[in-house]
Amino acid sequence: MGDFILDFRPQNLRQTAKALELLKFMHHVQGAALEELPFGFGLTFTGDPTIWAPYKSRDGIIVAIAGRVCLDESQWMVGEAMPGDGGLASKALCAIYRQQGLAGLERLGGNYFLFVYDPNSSQCHLITDPAGVFPVYYLDVAGPPVFASHPDVLAAVTGEQRNLDEVSLTEFLLTSTVTPPYTYYNRIRALEFGTTATVQITPDGPMIVERRRYFEMMLVGSCSADEAELAEELAVALRNAVLRRTLPRLGRTAVALSGGLDSRVILACVENREETFAFCCYDRPNREFRSAKAIAEAMGVPFKAWQRPFEYYGENAELGVRISGGMGTIANNHFLGIVDWLREEGTRNLLTGCYCDYLFKGLPLNRSVHWLTGREWLAPYRHQFYFTHHQRPTAYRKQIEERWESRVPSQFQAQRSDADIFQVEARRTFPLCYEGDNQQRVVPQRVTGWCPPIVDRGVLEVYRKIPWRFKLNRSIFLAVARRLCPASVLRIPDANTGAPLDASLLRECLSTKWLRFRSKLRVGKHSISSDGSWPDWYYYVRHSAKLRELWQRPNALATDFFRRVLRPEELRANPADYSGPDIWLMIRILTLKLWFDQWHG
């Protein structure tokens, strides 16, 4: 939904226009600039400017949103009564600020950065969303503060482009992720999620006078919590979250639909189906595609099927890396290639089931799985939990491990209580903009109207009540699905298990084992198509001419870095020279190489 730059330096040092130009990643992205004496503010957005543009009241209060804030219909209506020109969402936020102060804004949900300038107090307030979905970075130096939503753009307008953090770059090569708040630049950091920062404008210059957490990720439920009650509460919260994101005034909605559990729950919550359609991207029709189509038909929602060309990921790799800042691999750049298709359909809002695995299925926990039944239980803590780590010795390994230890301190690693286990989950999960599938989230957030229901404030409040044991084996989320989905949808097989959602435990276990057996039979098949939503990367890497072209394009700075932090045998002439697990190392190397091409070419 856009980006921003906020610069409190003297006017002769600001580069607001340059930042806005760099942040217009696609042809349809619009921009707005506010050059005031205390600050320069630039905002990009992709939606209707009558809704999402900034607003300046008659007494000088300025309100702006980057990303999406989710409001009830009554709050939108209050915004309509605000006089003057500007975006309706910003007007509604201005009304909330006037009536309730910062506390009113801090109760909202969505994926956003909120900016309020109040000349009456000579203060600027910066509010990050409670889950850290929308990224906010700052230059960590003495002097007037500078903030932006994109670390590379912030580096470009502050002269930090050559001041690289090689620990972060190496960590990405090892794990596909970077530990927050670090970035690829030594002096650029992420502002904490769920935080309000206040900048005081004084005759001596602007300064941050307060940085306060308004939302803490901690377990607030009881160890004797009832799973059925929590499932009902979560179902209500999800239904309300989808309602806020699909109000008629917001326009047409697209729901990314797979054949699994998460997206069908989101679609089941949609009430405004006249202005909604579902879509599925595929390489060749498969189990996932057929389940998605059946779900849409059962819900009575139009279904769009978009087949990816063979070089879909290679052709979109460079722009995806530029938009994302290279902090997620090109293998997760799923949505960029369909942005124009979505726009042709008149799409204003994009809903996905993203983050369900993290918040409600125990993905951030180390789990053991029974070989026969597939049932999960909690395993001892170890640093690797989702993406496979590249385990070979490399430069900066010690510094990287120190970052891991600081993110999840040893007292939580022992997992002695529900509260400790929750901290392992939360510290690995938030801020969500650092999550491992980064490009799948950050790219649509910047160039479409992506607004994930799972991070609604009401949903997060329920999340904080749920103990880990209800998340294993999809227990609580399956209970939610059975509450929200009609019987016709429950009967459609889950593409991940092959069993209907109302199947017995025995039938689900047998079906899952059969699918895994069939998947092993697929090994060596000559097709890019997999059984799931995404392509067979082992096949694609071996046959992609585009990946080979991108790999062989020279970049001296990137080559020098790779030679210093990796072993010679880990740098090969062609992508097809990698096989097995090393393919994922190749994808990380190529992602970083494209990042160097984009921002340091």
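The values are calculated or read from the model by the stated rules, or taken from the named source; none is laboratory data. All values reported here derive from a predicted model rather than from experimental measurement. Ideal geometry is used to build each Cβ from the backbone, glycine not excepted, and the neighbour counts take in all protein chains shown.
What's the total number of residues in the range 289-313 that are out of contact with any strand residue (DSSP E or B) (no Cβ under 9 Å at 6 or more places or on another chain) and surrounded by 23 or more Cβ atoms within 10 Å (Cβ to Cβ)?
Number satisfying all stated conditions: 1.
Within the range 86-93, is there a residue that is in contact with a helix residue (DSSP H, G or I) (Cβ under 7 Å, 6 or more places away or on another chain), among the basic types (Lys, Arg) and surrounded by 20 or more Cβ atoms within 10 Å (Cβ to Cβ)?
So the first thing to find is which residues in the range 86-93 are in contact with a helix residue (DSSP H, G or I) (Cβ under 7 Å, 6 or more places away or on another chain), and the list is 87-89, 91-93.
Remaining after also requiring among the basic types (Lys, Arg): 91.
Now drop any that are not surrounded by 20 or more Cβ atoms within 10 Å (Cβ to Cβ), which leaves 91.
Yes, the range 86-93 contains a residue that is in contact with a helix residue (DSSP H, G or I) (Cβ under 7 Å, 6 or more places away or on another chain), among the basic types (Lys, Arg) and surrounded by 20 or more Cβ atoms within 10 Å (Cβ to Cβ).
Mind checking which pairs have a first residue in the range 95-123 that is without any contact (Cβ under 8 Å) to a residue 60 or more places away in the chain and a second that is in a loop (DSSP other than H, G, I, E, B) and surrounded by fewer than 20 Cβ atoms within 10 Å (Cβ to Cβ), Cβ under 6 Å, 6 or more apart or different chains?
ALA95/MET82; ASP118/ILE61
Restricting to the range 270-290, give me the number of residues that are farther than 23 Å from ARG343 by Cα and under 25 Å from the mean Cα position of the chain (by Cα). Spell out the reasoning first.
Taking the range 270-290 and keeping what is farther than 23 Å from ARG343 by Cα, we get 284-288, 290.
Then drop every residue that is not under 25 Å from the mean Cα position of the chain (by Cα), which leaves 288.
Qualifying residue count, the range 270-290: 1.
From the list LEU126, LEU108, LEU102, which one is over 21 Å from the mean Cα position of the chain (by Cα) and at pLDDT 95 or above? First the steps, then the outcome.
On the way: LEU126 fails: over 21 Å from the mean Cα position of the chain (by Cα); LEU108 fails: over 21 Å from the mean Cα position of the chain (by Cα).
Answer to the check: LEU102.
I need every pair where a residue in the range 258-275 that is under 11 Å from CYS356 (Cβ atoms) has its Cβ under 6 Å from the Cβ of a residue that is in a loop (DSSP other than H, G, I, E, B) and modelled with pLDDT of 95 or more, sequence separation at least 6 or different chains.
ASP262/GLY353; SER263/LEU257; SER263/GLY353; ILE266/GLY353
For a quick check of your reading of the model, give me the residue pairs whose first member lies in the range 470-482 and is surrounded by fewer than 20 Cβ atoms within 10 Å (Cβ to Cβ) and hydroxyl-bearing (Ser, Thr, Tyr), whose second is modelled with pLDDT of 95 or more and in a helix (DSSP H, G or I), with beta-carbon atoms closer than 6 Å and at least 6 apart or on different chains.
Listed by first residue and then by second, the contacts come to nothing, as the list is empty.
Any residue in the range 502-514 that's under 11 Å from LEU372 (Cα atoms): show its pairings with residues that are crowded, with 18+ Cβ neighbours inside 10 Å and of a type in the set (Val, Ile, Thr) at Cβ separation under 8 Å, as long as the two are six or more apart or on different chains.
These pairs meet every condition: THR512/THR497.
Select, from ARG567, ARG542, ARG572, the only residue that is basic (Lys, Arg), over 30 Å from the mean Cα position of the chain (by Cα) and either surrounded by 13 or more Cβ atoms within 10 Å (Cβ to Cβ) or under 17 Å from THR329 (Cα atoms) (or both).
Working: ARG567 fails: either surrounded by 13 or more Cβ atoms within 10 Å (Cβ to Cβ) or under 17 Å from THR329 (Cα atoms) (or both); ARG542 fails: over 30 Å from the mean Cα position of the chain (by Cα).
From the options ARG567, ARG542, ARG572, the qualifying one is ARG572.
Which condition breaks for ARG474 when tested against (1) in a loop (DSSP other than H, G, I, E, B); (2) out of contact with any helix residue (DSSP H, G or I) (no Cβ under 7 Å at 6 or more places or on another chain); (3) on the phi > 0 side of the Ramachandran plot?
Against the list (1) in a loop (DSSP other than H, G, I, E, B); (2) out of contact with any helix residue (DSSP H, G or I) (no Cβ under 7 Å at 6 or more places or on another chain); (3) on the phi > 0 side of the Ramachandran plot, ARG474 comes up short only on (1).
What's the number of the only condition in (1) surrounded by fewer than 20 Cβ atoms within 10 Å (Cβ to Cβ); (2) small (Gly, Ala, Ser); (3) more than 28 Å from LEU515 (Cβ to Cβ) that SER368 fails to meet?
(3)
Name the single residue that is farthest from LYS24 (Cα to Cα) among those in the range 129-142 being surrounded by fewer than 19 Cβ atoms within 10 Å (Cβ to Cβ) and in contact (Cβ under 8 Å) with a residue 40 or more places away in the chain.
To start, the set of residues in the range 129-142 that are surrounded by fewer than 19 Cβ atoms within 10 Å (Cβ to Cβ) comprises 140-142.
Then drop every residue that is not in contact (Cβ under 8 Å) with a residue 40 or more places away in the chain, which leaves 140-141.
Values: ASP140: 25, VAL141: 27 Å.
Applying the filter and picking the extreme gives VAL141.
All but one of (1) touching a helix residue (DSSP H, G or I) at 6+ places or on another chain (Cβ under 7 Å); (2) of a type in the set (Lys, Arg); (3) more than 18 Å from ASP262 (Cβ to Cβ) hold for ARG507; state the number of the condition that does not hold.
(1)
Would the range 441-457 turn up any residue that is of a type outside the set (Phe, Trp, Tyr), touching a Pro at 6+ places or on another chain (Cβ under 8 Å), over 30 Å from LEU173 (Cβ atoms) and modelled with pLDDT of 95 or more?
yes
Please specify each residue of the range 51-72 satisfying the condition of being within 14 Å of LEU88 (Cβ to Cβ) and within 26 Å of the chain's Cα centre (by Cα).
ILE51, TRP52, ALA53, PRO54, VAL63, ALA64, ILE65, ARG68, VAL69, CYS70, LEU71, ASP72
Being part of a helix (DSSP H, G or I), touching a residue at least 40 places away in the same chain (Cβ under 8 Å) and either touching a Gly at 6+ places or on another chain (Cβ under 7 Å) or among the β-branched types (Val, Ile, Thr) (or both), is that true of even one residue in the range 516-528? Step through it out loud before you land on a result.
Looking only at the range 516-528, we keep the residues that are part of a helix (DSSP H, G or I), and these are 516-522.
Those left that are additionally touching a residue at least 40 places away in the same chain (Cβ under 8 Å): none.
Within the range 516-528, not a single residue is part of a helix (DSSP H, G or I), touching a residue at least 40 places away in the same chain (Cβ under 8 Å) and either touching a Gly at 6+ places or on another chain (Cβ under 7 Å) or among the β-branched types (Val, Ile, Thr) (or both).
Is it the case that HIS526 is more than 26 Å from ILE295 (Cα to Cα) and assigned by TED's automatic domain parsing to the domain that holds GLU318?
On the way: more than 26 Å from ILE295 (Cα to Cα): yes; assigned by TED's automatic domain parsing to the domain that holds GLU318: yes.
Yes, satisfied.
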